[in-house]
1. Tell me the residue from Gly206, Gly187, Gly264 that is of a type in the set (Gly, Ala, Ser) and either over 21 Å from Ala134 (Cα atoms) or modelled with pLDDT under 95 (or both), please.
2. Kindly establish whether Glu191 is of a type in the set (Asp, Glu) and over 29 Å from Gln239 (Cβ atoms).
3. Determine which member of the set Met279, Met216 is exposed (fewer than 15 other Cβ atoms within 10 Å of the Cβ) and of a type outside the set (Gly, Ala, Ser).
4. Check Val5 against each of (1) modelled with pLDDT of 95 or more; (2) not in a loop (DSSP other than H, G, I, E, B) and name the one condition it does not meet.
5. May I ask you to list pairs of residues, at least six apart or on different chains, whose Cβ atoms are under 9 Å apart, with the first in the stretch 192-206 being under 14 Å from Lys220 (Cβ atoms) and the second being hydroxyl-bearing (Ser, Thr, Tyr)?
6. Please pick out the residue among Asp138, Asp119 that is closer than 26 Å to Lys236 by Cα and either assigned to a loop (DSSP other than H, G, I, E, B) or in contact with a Ser or Thr (Cβ under 7 Å, 6 or more places away or on another chain) (or both).
7. Could you tell me whether the stretch 146-161 includes any residue that is of a type in the set (Asp, Glu) and farther than 27 Å from Ala209 by Cα?
8. Is it fair to say Ala166 is under 18 Å from Val29 (Cβ atoms), free of Cβ contacts under 8 Å to residues at least 40 places away in the same chain, in a helix (DSSP H, G or I) and out of contact with any His (no Cβ under 6 Å at 6 or more places or on another chain)?
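The values are calculated or read from the model by the stated rules, or taken from the named source; none is laboratory data. Computed from a prediction, not measured in an experiment: that's the story for all the values here. Methodologically, a virtual Cβ is constructed for each residue, glycine included, from the backbone with ideal geometry; neighbour enumeration extends over all protein chains shown.
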Amino acid sequence: MAVAVLVGLGCQEQLSEEPGGVMGDGLKVFISVDMEGIAGVTAGNEVSSSGSDYQYFRRLTTLEANAAVEGALAAGATEFVVRDGHGAKNNIIPDLLHEEAKLLRGVTDRPENMMLGLDESFDAVIFIGYHAKAGTEDGILAHTSTGNVIDLTINGVSLPEAGYNAVMAGLHGVPVVMVAGDNWICGQVEELFGDVATVETKVGMGPAALGLHPEMVREKIRATTTEALEDLGRFKLFQLQPPYEMVLKVRREKTPYPGAEKTGEGEFSFTSSDFLVVMEAFNRMK
(Lines give C-alpha, C1' and ligand atoms only; values in the text may rest on other atoms or scores of the structure.)
Protein backbone atom coordinates (compact mmCIF):
# COMPACT_ATOMS: atom_id res chain seq x y z
CA MET A 1 0.00 0.00 0.00
CA ALA A 2 1.39 3.38 -0.98
CA VAL A 3 1.27 5.87 1.86
CA ALA A 4 1.87 9.61 1.80
CA VAL A 5 2.97 11.10 5.11
CA LEU A 6 2.18 14.78 5.62
CA VAL A 7 3.98 16.55 8.44
CA GLY A 8 2.46 19.64 10.00
CA LEU A 9 0.83 21.09 13.09
CA GLY A 10 3.14 18.98 15.21
CA CYS A 11 1.72 15.71 13.91
CA GLN A 12 2.06 13.19 11.16
CA GLU A 13 -1.03 12.46 9.12
CA GLN A 14 -1.19 9.44 6.85
CA LEU A 15 -3.40 9.59 3.81
CA SER A 16 -3.46 6.17 2.22
CA GLU A 17 -3.85 6.19 -1.52
CA GLU A 18 -5.51 2.78 -1.57
CA PRO A 19 -8.49 2.64 0.81
CA GLY A 20 -10.09 -0.69 1.52
CA GLY A 21 -13.07 -1.98 -0.41
CA VAL A 22 -13.84 -2.40 -4.07
CA MET A 23 -15.59 -0.28 -6.61
CA GLY A 24 -18.75 -1.39 -8.35
CA ASP A 25 -21.77 -3.39 -7.26
CA GLY A 26 -21.98 -4.94 -3.82
CA LEU A 27 -20.62 -2.03 -1.80
CA LYS A 28 -21.19 -2.07 1.95
CA VAL A 29 -21.80 1.38 3.45
CA PHE A 30 -21.70 2.60 7.06
CA ILE A 31 -23.76 5.73 7.80
CA SER A 32 -23.16 7.54 11.09
CA VAL A 33 -25.96 9.98 11.92
CA ASP A 34 -25.96 12.98 14.25
CA MET A 35 -28.69 15.65 14.56
CA GLU A 36 -27.24 19.14 14.98
CA GLY A 37 -26.27 19.33 11.31
CA ILE A 38 -29.67 18.27 9.97
CA ALA A 39 -31.48 20.76 7.72
CA GLY A 40 -33.43 23.34 9.70
CA VAL A 41 -31.98 22.60 13.14
CA THR A 42 -30.86 25.73 15.00
CA ALA A 43 -31.62 25.16 18.69
CA GLY A 44 -30.86 22.61 21.36
CA ASN A 45 -34.51 21.85 22.14
CA GLU A 46 -34.96 20.67 18.55
CA VAL A 47 -32.51 17.82 19.10
CA SER A 48 -33.50 16.97 22.68
CA SER A 49 -36.15 14.33 23.43
CA SER A 50 -37.81 16.78 25.83
CA GLY A 51 -38.14 19.50 23.19
CA SER A 52 -41.50 20.35 21.64
CA ASP A 53 -40.11 20.11 18.08
CA TYR A 54 -37.96 17.01 18.64
CA GLN A 55 -40.38 14.58 16.96
CA TYR A 56 -40.41 16.73 13.82
CA PHE A 57 -36.63 16.92 13.61
CA ARG A 58 -36.06 13.23 14.36
CA ARG A 59 -38.27 12.60 11.32
CA LEU A 60 -36.08 14.90 9.22
CA THR A 61 -33.01 13.11 10.60
CA THR A 62 -34.39 9.75 9.50
CA LEU A 63 -35.21 11.09 6.04
CA GLU A 64 -31.67 12.47 5.57
CA ALA A 65 -30.29 9.04 6.49
CA ASN A 66 -32.68 7.55 3.93
CA ALA A 67 -31.40 9.95 1.28
CA ALA A 68 -27.87 8.63 1.83
CA VAL A 69 -29.13 5.04 1.52
CA GLU A 70 -31.01 5.91 -1.67
CA GLY A 71 -27.96 7.56 -3.16
CA ALA A 72 -25.82 4.57 -2.28
CA LEU A 73 -28.35 2.17 -3.80
CA ALA A 74 -28.14 4.14 -7.05
CA ALA A 75 -24.36 3.57 -7.00
CA GLY A 76 -24.79 -0.19 -6.65
CA ALA A 77 -24.41 -0.58 -2.89
CA THR A 78 -26.22 -3.55 -1.39
CA GLU A 79 -25.57 -3.45 2.36
CA PHE A 80 -26.12 -0.61 4.82
CA VAL A 81 -25.69 -0.07 8.53
CA VAL A 82 -27.08 3.17 9.94
CA ARG A 83 -25.60 4.07 13.31
CA ASP A 84 -27.82 6.39 15.35
CA GLY A 85 -25.11 8.56 16.87
CA HIS A 86 -26.87 11.43 18.62
CA GLY A 87 -27.50 11.73 22.35
CA ALA A 88 -29.20 8.60 23.69
CA LYS A 89 -28.82 7.01 20.23
CA ASN A 90 -32.57 6.49 19.86
CA ASN A 91 -33.50 9.31 17.49
CA ILE A 92 -33.98 7.60 14.13
CA ILE A 93 -37.53 6.33 13.66
CA PRO A 94 -37.15 2.59 12.91
CA ASP A 95 -40.22 2.06 10.71
CA LEU A 96 -39.49 5.23 8.74
CA LEU A 97 -35.90 4.18 7.99
CA HIS A 98 -35.27 2.74 4.52
CA GLU A 99 -36.12 -0.96 4.54
CA GLU A 100 -32.76 -1.88 2.97
CA ALA A 101 -30.85 -0.51 5.97
CA LYS A 102 -30.00 -2.13 9.28
CA LEU A 103 -30.27 0.23 12.27
CA LEU A 104 -27.78 0.22 15.13
CA ARG A 105 -29.22 2.21 18.02
CA GLY A 106 -28.67 2.52 21.76
CA VAL A 107 -26.05 3.99 24.08
CA THR A 108 -22.79 2.16 24.64
CA ASP A 109 -19.81 2.78 26.90
CA ARG A 110 -17.50 1.37 24.24
CA PRO A 111 -15.01 3.88 22.78
CA GLU A 112 -16.32 3.38 19.23
CA ASN A 113 -19.51 5.26 20.22
CA MET A 114 -20.84 6.86 17.01
CA MET A 115 -18.82 4.37 14.94
CA LEU A 116 -19.95 1.22 16.74
CA GLY A 117 -20.55 -1.56 14.22
CA LEU A 118 -17.90 -0.50 11.71
CA ASP A 119 -15.32 -3.07 10.66
CA GLU A 120 -13.07 -3.98 7.72
CA SER A 121 -15.96 -5.44 5.72
CA PHE A 122 -17.26 -1.94 4.85
CA ASP A 123 -16.23 -0.02 1.75
CA ALA A 124 -17.23 3.53 2.68
CA VAL A 125 -18.37 5.74 5.56
CA ILE A 126 -20.88 8.59 5.33
CA PHE A 127 -21.59 11.21 8.01
CA ILE A 128 -25.10 12.72 8.14
CA GLY A 129 -26.20 15.61 10.37
CA TYR A 130 -22.68 16.38 11.62
CA HIS A 131 -21.69 19.71 13.17
CA ALA A 132 -18.68 21.95 13.78
CA LYS A 133 -16.22 21.43 16.62
CA ALA A 134 -16.24 23.22 19.96
CA GLY A 135 -15.16 26.84 19.68
CA THR A 136 -16.45 27.38 16.13
CA GLU A 137 -17.84 30.88 16.56
CA ASP A 138 -20.70 30.74 14.07
CA GLY A 139 -21.26 26.98 14.03
CA ILE A 140 -24.77 25.73 14.72
CA LEU A 141 -24.76 24.03 18.16
CA ALA A 142 -20.99 23.62 17.76
CA HIS A 143 -19.44 21.26 20.31
CA THR A 144 -17.11 18.28 20.57
CA SER A 145 -19.02 15.39 22.13
CA THR A 146 -20.21 17.41 25.15
CA GLY A 147 -20.60 21.04 26.10
CA ASN A 148 -17.84 20.55 28.66
CA VAL A 149 -15.12 20.18 26.02
CA ILE A 150 -13.24 23.32 24.99
CA ASP A 151 -10.91 21.56 22.57
CA LEU A 152 -9.59 18.11 21.70
CA THR A 153 -6.31 17.68 19.86
CA ILE A 154 -4.55 14.50 18.87
CA ASN A 155 -0.95 14.74 17.69
CA GLY A 156 -1.41 18.50 17.58
CA VAL A 157 -4.50 18.46 15.35
CA SER A 158 -7.72 19.96 16.71
CA LEU A 159 -10.52 17.55 15.84
CA PRO A 160 -14.29 17.73 15.52
CA GLU A 161 -16.34 14.60 16.10
CA ALA A 162 -16.04 13.92 12.37
CA GLY A 163 -12.25 13.99 12.76
CA TYR A 164 -11.80 11.37 15.44
CA ASN A 165 -14.58 9.26 13.94
CA ALA A 166 -12.72 9.34 10.63
CA VAL A 167 -9.54 8.17 12.38
CA MET A 168 -11.53 5.20 13.71
CA ALA A 169 -12.72 4.48 10.18
CA GLY A 170 -9.11 4.65 9.00
CA LEU A 171 -8.12 2.00 11.55
CA HIS A 172 -10.40 -0.37 9.63
CA GLY A 173 -9.14 0.76 6.22
CA VAL A 174 -12.41 2.49 5.35
CA PRO A 175 -12.52 6.04 3.92
CA VAL A 176 -15.03 8.74 4.82
CA VAL A 177 -16.43 9.73 1.43
CA MET A 178 -19.26 12.14 2.22
CA VAL A 179 -20.19 14.51 5.05
CA ALA A 180 -23.46 16.44 5.36
CA GLY A 181 -23.84 19.28 7.86
CA ASP A 182 -23.50 23.04 8.23
CA ASN A 183 -20.98 25.03 6.22
CA TRP A 184 -18.51 25.11 9.12
CA ILE A 185 -18.17 21.34 9.50
CA CYS A 186 -17.96 21.01 5.71
CA GLY A 187 -14.96 23.35 5.76
CA GLN A 188 -13.37 21.57 8.70
CA VAL A 189 -13.53 18.11 7.12
CA GLU A 190 -12.26 19.43 3.79
CA GLU A 191 -9.25 20.89 5.60
CA LEU A 192 -8.63 17.65 7.52
CA PHE A 193 -9.39 14.97 4.91
CA GLY A 194 -8.56 16.72 1.65
CA ASP A 195 -10.74 15.10 -0.99
CA VAL A 196 -14.14 14.50 0.63
CA ALA A 197 -17.61 15.11 -0.78
CA THR A 198 -19.77 17.48 1.28
CA VAL A 199 -23.37 18.62 1.38
CA GLU A 200 -23.98 21.97 3.04
CA THR A 201 -27.33 21.75 4.83
CA LYS A 202 -27.24 25.36 6.10
CA VAL A 203 -24.99 28.34 6.71
CA GLY A 204 -24.39 28.83 10.42
CA MET A 205 -24.64 32.35 11.79
CA GLY A 206 -24.18 31.66 15.49
CA PRO A 207 -27.67 30.98 16.88
CA ALA A 208 -29.25 31.41 13.44
CA ALA A 209 -28.89 29.62 10.12
CA LEU A 210 -29.72 30.16 6.47
CA GLY A 211 -30.76 26.85 4.97
CA LEU A 212 -32.28 25.12 1.99
CA HIS A 213 -35.64 23.35 2.01
CA PRO A 214 -35.17 19.90 3.64
CA GLU A 215 -36.13 18.07 0.45
CA MET A 216 -33.57 20.05 -1.54
CA VAL A 217 -30.96 19.01 1.02
CA ARG A 218 -32.03 15.38 0.73
CA GLU A 219 -31.77 15.56 -3.06
CA LYS A 220 -28.23 16.89 -2.73
CA ILE A 221 -27.38 14.08 -0.31
CA ARG A 222 -28.74 11.48 -2.76
CA ALA A 223 -26.83 12.87 -5.72
CA THR A 224 -23.58 13.52 -3.84
CA THR A 225 -23.59 10.05 -2.27
CA THR A 226 -24.07 8.42 -5.66
CA GLU A 227 -21.28 10.45 -7.23
CA ALA A 228 -18.90 9.72 -4.36
CA LEU A 229 -19.46 5.97 -4.38
CA GLU A 230 -19.16 5.78 -8.15
CA ASP A 231 -15.67 7.29 -7.80
CA LEU A 232 -14.66 5.56 -4.57
CA GLY A 233 -11.03 5.17 -5.53
CA ARG A 234 -10.34 8.89 -5.21
CA PHE A 235 -10.86 8.98 -1.45
CA LYS A 236 -8.01 8.50 1.01
CA LEU A 237 -7.97 7.23 4.55
CA PHE A 238 -7.61 9.78 7.32
CA GLN A 239 -4.99 8.44 9.72
CA LEU A 240 -2.76 9.79 12.48
CA GLN A 241 0.48 8.01 13.30
CA PRO A 242 0.85 6.32 16.69
CA PRO A 243 1.63 7.02 19.40
CA TYR A 244 -1.48 9.15 19.76
CA GLU A 245 -1.01 12.12 22.09
CA MET A 246 -4.31 13.60 23.19
CA VAL A 247 -4.59 17.03 24.78
CA LEU A 248 -8.04 17.65 26.22
CA LYS A 249 -9.22 21.03 27.50
CA VAL A 250 -12.42 21.11 29.54
CA ARG A 251 -14.48 23.63 31.46
CA ARG A 252 -15.04 21.38 34.48
CA GLU A 253 -12.43 18.81 35.44
CA LYS A 254 -13.41 15.19 36.03
CA THR A 255 -11.41 12.38 37.61
CA PRO A 256 -8.41 11.85 35.31
CA TYR A 257 -8.23 8.61 33.36
CA PRO A 258 -5.40 6.37 34.64
CA GLY A 259 -2.20 7.55 32.99
CA ALA A 260 -3.52 11.01 32.14
CA GLU A 261 -1.37 13.96 33.22
CA LYS A 262 -2.75 17.33 34.23
CA THR A 263 -0.85 19.92 32.23
CA GLY A 264 -2.78 23.05 33.14
CA GLU A 265 -6.05 24.36 34.51
CA GLY A 266 -8.71 22.18 32.89
CA GLU A 267 -6.10 20.60 30.59
CA PHE A 268 -4.99 16.97 30.45
CA SER A 269 -2.58 14.98 28.30
CA PHE A 270 -2.79 11.27 27.57
CA THR A 271 -0.75 9.13 25.18
CA SER A 272 -1.23 5.58 23.91
CA SER A 273 -0.33 3.59 20.82
CA ASP A 274 -3.93 2.27 20.81
CA PHE A 275 -6.36 4.84 19.42
CA LEU A 276 -9.37 3.21 21.07
CA VAL A 277 -7.68 3.54 24.46
CA VAL A 278 -7.22 7.25 23.74
CA MET A 279 -10.91 7.51 22.90
CA GLU A 280 -11.83 5.68 26.09
CA ALA A 281 -9.75 8.21 28.06
CA PHE A 282 -11.48 11.04 26.20
CA ASN A 283 -14.93 9.64 26.96
CA ARG A 284 -14.11 9.32 30.65
CA MET A 285 -12.77 12.87 31.03
CA LYS A 286 -14.88 14.88 28.55
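1. Numbers: Gly187 fails: either over 21 Å from Ala134 (Cα atoms) or modelled with pLDDT under 95 (or both); Gly264 fails: either over 21 Å from Ala134 (Cα atoms) or modelled with pLDDT under 95 (or both).
When all the criteria are applied, what remains is Gly206.
2. Working: of a type in the set (Asp, Glu): yes; over 29 Å from Gln239 (Cβ atoms): no.
Against the criterion (of a type in the set (Asp, Glu) and over 29 Å from Gln239 (Cβ atoms)), Glu191 does not qualify.
3. Numbers: Met279 fails: exposed (fewer than 15 other Cβ atoms within 10 Å of the Cβ).
Result: Met216 is the single residue among Met279, Met216 that is exposed (fewer than 15 other Cβ atoms within 10 Å of the Cβ) and of a type outside the set (Gly, Ala, Ser).
4. The single condition Val5 does not satisfy is (1).
5. Partner pairs satisfying both residue conditions: Ala197/Thr224; Ala197/Thr225; Thr198/Thr224; Val199/Thr224; Val199/Thr225; Lys202/Thr42.
6. Details: Asp138 fails: closer than 26 Å to Lys236 by Cα.
Just one listed residue meets the conditions, Asp119.
7. Looking for residues that are of a type in the set (Asp, Glu) and farther than 27 Å from Ala209 by Cα, one finds none in the stretch 146-161, hence no.
8. Values: under 18 Å from Val29 (Cβ atoms): yes; free of Cβ contacts under 8 Å to residues at least 40 places away in the same chain: no; in a helix (DSSP H, G or I): yes; out of contact with any His (no Cβ under 6 Å at 6 or more places or on another chain): yes.
Answer is no for this residue.
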